Amino acid sequence: MNRSKPQRHDLVVDGRRVSYVQAGAGERVCVLVHGLGGCWRHWAATIPALVRTHRVIAVDLPGFGESEKPRVAIIGNAVAVIDALWQRCEVERIDVVGHSMGTLVGCEVAARLPHTVNRVVLANGPITSVLALFDAPIATLRRDPGLVNFVVEAATAGLPLPSALQALITRTPWARKPALAPYVPRPDEISEEVFGHFVGVGAAGTLSTLRQGFSCDFTAALTLTHPTMLIGGQLDRIAPPTDLRNFAAATPAVQHVEILAGTGHLPMLEQPDEFNRHLAEFLSPAPEAR
C-alpha cells in the first residue's frame, strides 16, 4: 500500500458514519477540516505537501462529502468527530487546520479539548463577520456589503446538480466564472479538476448548519492558548483580512498572520505552493509539552 496517497476510512460517531481519508505515517498527525459545503477533496493540493512530515487526516464533516448527516448541531458534532479521530490515531496531540467554517471547528476543538491539540491553523477565518450576519443581518450587511458573497455561497452550497450539468459547467470557462466568483478573484484560472470539487455536489448538512447559525459560541475561541496561525486572502470577500487581523489583535495565541496577495477565499487551491509553504513552516516545530 502506498501510504503517501489518501486512503478512505470510516468511523462511527453518535451512531452516524463519518468518512475521512488518511495519508502518510508517523507520530505527527495533522487533521484538515473543510468549510461549508466542502469535503476532504478541498485539501487535494495540501495533503501531498504535509505527508513529508505528518500523518495527514482529511475529514468529511458530518452532513458533508460522504459522511452521514448527524442528529445534532454540525459544529458540536464535528468536535466529537475530531476527538474520535484523535483517539483512533493513538498519539498525544494533533495539529488542526481548518478552512472557513472549519476554522470554527478548529477553535472549538482547541477550546473544548485542549489536551488533544498542539498547533492550530485557521485558513480564511475565523469567519467572524459571517457569525455577526446571523445576529444582526441588516446592520452587518450595511457595514460590509461584501458579505453578500457568503449569502450566495450559502444559497448554492447545498444544491446538487445533475451530473451532466456539472460536467457541462466544468468544461465551459465562461460558466465556471460566475460559479466561483464569490470565492476567488480570478475564476478563469481555476482548473477543471479543482472546479469539479465545488460545483453542484450538494451537501445534506448545509441548510441545517445555516438554520442553526453554526450553533457556535465563539467567545471560547478568544481564550485559545495553543500556538495559532491565520492564513487569508487579500481579496477574500467572505473572511476579509480585517476580520483576521482584528481576531489576531484580540487573541494572544495568534503568532502569525499571513495574507496572500491576489488571493480570495480558497488559497489552498488558488496558490497551493505558497499556502503549503506557510503551513509547513508553522507546523514544522516539534510538538510542545504542556
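Derivation of every value follows stated rules applied to the coordinates shown; laboratory data play no part. Every value quoted in this text rests on a predicted model; they were computed, and no experiment measured them. Reconstructed Cβ throughout: ideal geometry from the backbone, glycine too, with neighbour counts over all protein chains shown.
Return the distance in nm (one decimal) between the two label points of a simple spin-label model at Ser284 and Asp83, each offset 7 Å from Cα along Cα→Cβ.
Here the answer is 3.5 nm between the modelled labels.
For segment 48-98, which GluC sites (Glu not before Pro) are both in a DSSP coil and crowded by at most 13 other Cβ atoms within 10 Å?
Taking segment 48-98 and a limit of 13 other Cβ atoms within 10 Å, the loop GluC sites (Glu not before Pro) found are Glu90.
Expected output is a single nm value to one decimal: the length gained when fully extending between Val12 and Glu66, i.e. 0.36 nm times separation in residues minus the C-alpha distance. What is it?
18.2 nm
Please give me the summed charge of the neighbours of Glu68: other residues whose Cβ is under 11 Å from its Cβ, Lys and Arg +1, Asp and Glu -1.
In short, 0.
Based on the Cβ-Cβ distance of Ala253 and Asp273, what FRET efficiency does E = 1/(1 + (r/R0)^6) give at R0 = 22 Å, to the nearest 0.05?
0.25
Under 5 Å between amide H atoms, partner at least 5 residues away or on a different chain: which partners does Arg55 have, H built in plane at 1.01 Å?
HN-HN under 5 Å from Arg55: Ala25, Arg28, Val29, Cys30.
Could you order peptides 52-65, 229-242 by the average number of other Cβ atoms within 10 Å of their residues, highest first? Each step should come with its number before you reach the end.
On the way: 52-65: 24.2, 229-242: 22.6.
For the peptides 52-65, 229-242, the packing ranking is 52-65, 229-242.
Between Glu189 and Val91, what's the calculated FRET efficiency when r is the beta-carbon distance and R0 is 35 Å? Round to 0.05. Write down the numbers at each step before the final one.
Working: r = 38 Å, r/R0 = 1.08.
It comes out at approximately 0.40.
Which residues' amide hydrogens lie under 5 Å from the amide hydrogen of Ile94, considering only partners 5 or more residues apart or on another chain, with H built in the peptide plane?
Val117, Asn118
Using a simple spin-label model with points 7 Å from Cα along the Cα→Cβ vector, what separation in nm is obtained for Thr53 and Thr172?
4.4
Run the quick spin-label model on Ala181 and Arg112: label points 7 Å from Cα toward the beta carbon, then report their separation in nm to one decimal.
So the label points at Ala181 and Arg112 sit 3.8 nm apart.
At a temperature of 4 °C and a viscosity of 1.567 mPa s, determine how fast segment 31-116 diffuses translationally according to Stokes-Einstein, using the Kirkwood radius over alpha-carbon pairs as Rh; express D in µm²/s, rounded to the nearest whole number. List each step's numbers first, then the result.
Values: Rh = 13.0 Å.
So the translational diffusion coefficient is about 100 µm²/s.
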